[in-house]
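The values are calculated or read from the model by the stated rules, or taken from the named source; none is laboratory data. Keep in mind it's a predicted model, so treat the numbers as computed, not measured. Positions of Cβ are generated from backbone atoms using ideal geometry, with glycine treated the same way; all protein chains shown enter the neighbour counts. Surface accessibility is based on the protein's heavy atoms, side chains included, excluding ligands, DNA and RNA. Shrake-Rupley method; radii C 1.70, N 1.55, O 1.52, S 1.80 Å.
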Amino acid sequence: MTAPVGTAPNFNRLAAPYRWMEYLSFGPALERCRFHFLSRLDHCRYGLVLGDGDGRFTARLLATHPDLRVHAIDGSPAMLTALRRRVAAVAAAHRLTTQLADLRLPDLHLGNTTSPSDPSLPFTPDCIATHFFLDCLTTPEVARLAHSLSALAAPGCLWIVSEFAIPARGWMRPLAAALVAALYRAFGWLTGLQPQQLPDHPSALAASGWQCIQRHRHLGGLLVSELWLLR
Ligand SMILES: C[S@@+](CC[C@H](N)C(=O)[O-])C[C@H]1O[C@@H](n2cnc3c(N)ncnc32)[C@H](O)[C@@H]1O
């Protein structure tokens, strides 16, 4: 598989305004998308949250699942600080570990994280979440990540994905294409993000043994919430 191209994007200066930028542009739509499959994680004990930004999903996940522990990885120190602050505000800091890492790199390592129940065992997630993060990667980078995650997790692990999408047909298609292109231009300028088009994450996940078991479209197909299962 190909190595990551160029430097990782830098989301540090967006950590503070990110939430308001989102509400001003999409209202509550992205929030609905993130939380759509939250209740499907009720049986989970170990969550891995990748690229969660300012931590709104992680905080809600921990607040609504008191038996869950989460390991959160992001490439932005400022985003991780915001995430830890949000998690502390819901009194769940003792169930969170965080790691600063470039998730484009091969061989995902979860730092020194071990199983909370048995420190001699590695942390094995039974649920994974990526919300509006895979679109920061190219298709080969998503493929590499999906491959690492299937090696790390056990069959039965769930992965919830929220993403932008361009519907194959219908009135939303041209609008979605224009919006997604504008978002890539804006994030390229603000963070140095290099990809300029949505990755083909469904093929990349499927190639590593993940199966999409449920999909929900929001805003005419501009946004999707997906639930994937490791076979
Ligand atoms: C567009 S924001 C999405 C934030 C949040 N998940 C949400 O739902 O809005 C992308 C997040 O992924 C992180 N990120 C982007 N590329 C990354 C990389 N290569 N490695 C690690 N984190 C990365 C950014 O720091 C940022 O927090």
For segment 110-122, check the following and say yes or no: at least one residue is closer than 25 Å to residue 78 by Cα and hydrophobic (A, V, I, L, M, F, W, C). yes
Give segment 1-17 a look and list any residue that's open to solvent by less than 50 Å² (accessible area, probe 1.4 Å), in contact with a helix residue (DSSP H, G or I) (Cβ under 8 Å, 6 or more places away or on another chain) and either at pLDDT 95 or above or of a type in the set (A, V, I, L, M) (or both), or say none. 9, 11, 14, 15
Among 167, 195, 199, the single one that is outside any helix (DSSP H, G or I) and over 19 Å from the mean Cα position of the chain (by Cα) is 167
Among the residues in segment 18-28, are any modelled with pLDDT of 95 or more and under 30 Å from residue 114 (Cα atoms)? no
Of everything in segment 36-47, what is assigned to a helix (DSSP H, G or I) and not hydroxyl-bearing (Ser, Thr, Tyr)? Give them in sequence order. 38, 40, 41
Listed residues 118, 107; which is in contact with a Ser or Thr (Cβ under 7 Å, 6 or more places away or on another chain) and at pLDDT below 95? 107
Could you check segment 159-194 and list, in sequence order, the residues that are on the phi > 0 side of the Ramachandran plot and more than 16 Å from the ligand (Cβ to nearest atom)? 170
Among (1) within 13 Å of the ligand (Cβ to nearest atom); (2) of a type in the set (Gly, Ala, Ser); (3) surrounded by fewer than 21 Cβ atoms within 10 Å (Cβ to Cβ); (4) within 22 Å of residue 216 (Cα to Cα), residue 156 falls short only on (1)
Suppose the filter is under 22 Å from residue 24 (Cα atoms) and surrounded by fewer than 17 Cβ atoms within 10 Å (Cβ to Cβ); does residue 165 pass it? no
Being assigned to a helix (DSSP H, G or I) and free of Cβ contacts under 8 Å to residues at least 40 places away in the same chain is the filter; apply it to segment 202-231 and report the residue that is surrounded by the fewest Cβ atoms within 10 Å (Cβ to Cβ). 206
Restricting attention to segment 52-108, which residues are over 14 Å from the mean Cα position of the chain (by Cα), open to solvent by less than 20 Å² (accessible area, probe 1.4 Å) and among the β-branched types (Val, Ile, Thr)? 87
